[in-house]
1. Given N residues in the range 54-112, what is its alpha carbon radius of gyration divided by 2.2 N^0.38 Å?
2. Compute the relative contact order of the chain as a whole-number percentage, counting only Cα pairs closer than 8 Å that sit 6 or more residues apart in sequence.
3. What FRET efficiency, computed as 1/(1 + (r/R0)^6) with R0 = 35 Å and r the Cβ-Cβ distance, is obtained for TRP92 and ASN10, rounded to the nearest 0.05?
4. Using DSSP to define loop residues, name the trypsin sites (Lys or Arg not before Pro) in the range 202-240 whose beta-carbon has at most 15 other beta-carbon atoms within 10 Å.
5. With a ≥ b ≥ c taken as the square roots of the eigenvalues of the C-alpha gyration tensor of the range 110-184, please select rounded if a/c is under 1.5 and otherwise prolate if a/b is larger than b/c or oblate if it is not?
6. Of THR86, THR51, THR160, which is the most mobile in a GNM of the chain whose springs link Cα atoms less than 10 angstrom apart?
7. Mind telling me which of VAL194, VAL41, VAL21 comes out most flexible in a GNM of the chain, alpha-carbon contacts under 10 Å?
8. Taking the Cα centre of the range 59-124 as origin and charging only Cβ (+1 Lys, Arg; -1 Asp, Glu), how large is the dipole, in debye to the nearest 20?
Amino acid sequence: MTHILFKEFNGFLNSLIAYIVIGVFLTAMGLLLWVFPETSVLEYGYADMGTFFALAPYVYIFLIPAITMRSFAEEKRAGTMELLLTRPLSDWDIILGKYLAGLLLIIFSILPTLIYYFSISYLGDPAGNIDTSGVIGSYIGLVLLGAAFCAIGLFSSSLTTNQIVSFILGAFFCFLLYAGFDSISNLNLWSANVLIIRQLGMNYHYDALGKGLIDSRDLIYFLSLAMLFLLLTKLKIGSRSW
């Protein structure tokens, strides 16, 4: 597994994907947080990172499928998937190696945003007047969200030999599972089941972590969702149908 992990991660670095993803993410979030007046914390007047954590998932809905779209789709298109499977590696070694490489890249894209926290904390009146526990919870939520999105993107890549199709499927599934259940719950059809439907979506659990309360139910939800899509990927790869 470690061989696949290092191979995939080096592949990201050598193909500029890592730099593009981190650069796009930091540029987009920097503009939204500091420059655009509709979302700028300087215009908002409060020392918090609510804008960052509210908008980051929507940026990741597009960036993470872009990271994972080539994981299996390109291997199958180029005919190297068969060679990979002939090595003394289990399907899980291949899947987890690719998954952890993508997750590491996601974590590296998040780390530089800590400067936003220190900057906003310094700008507070008095300095340091920021909800640190809420920020920590939101960062944990963002990492877990990225972990779930990465598993979804990997599964999408296993379904096709076309990277563009993989990207579209991954972005669609991520959006559906993040915001779709909230929209469905707003339909006047569910009455007393509205909360249950909202709890099926990632946004509910992500918001809960953002309040600074680290509930085991939210952690289990994200980890279970990631494992579900990794298992679906294993079933698809194990079928050898491509």
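Read the figures in this text as sums done on the coordinates, not as results from a lab. No experiment lies behind these values; they were computed from the predicted model shown. Virtual Cβ from ideal backbone geometry, glycine too; neighbours counted across all protein chains shown.
1. 1.34
2. Once normalised by length, the contact order is 25 percent.
3. 0.95
4. Taking the range 202-240 and a limit of 15 other Cβ atoms within 10 Å, the loop trypsin sites (Lys or Arg not before Pro) found are LYS211, ARG240.
5. It is prolate, given that a/c is not under 1.5 and a/b is the larger ratio.
6. Taking springs between Cα atoms under 10 Å, the residue moving most is THR86.
7. So, out of VAL194, VAL41, VAL21, the one fluctuating most is VAL194.
8. Dipole size: approximately 120 debye.
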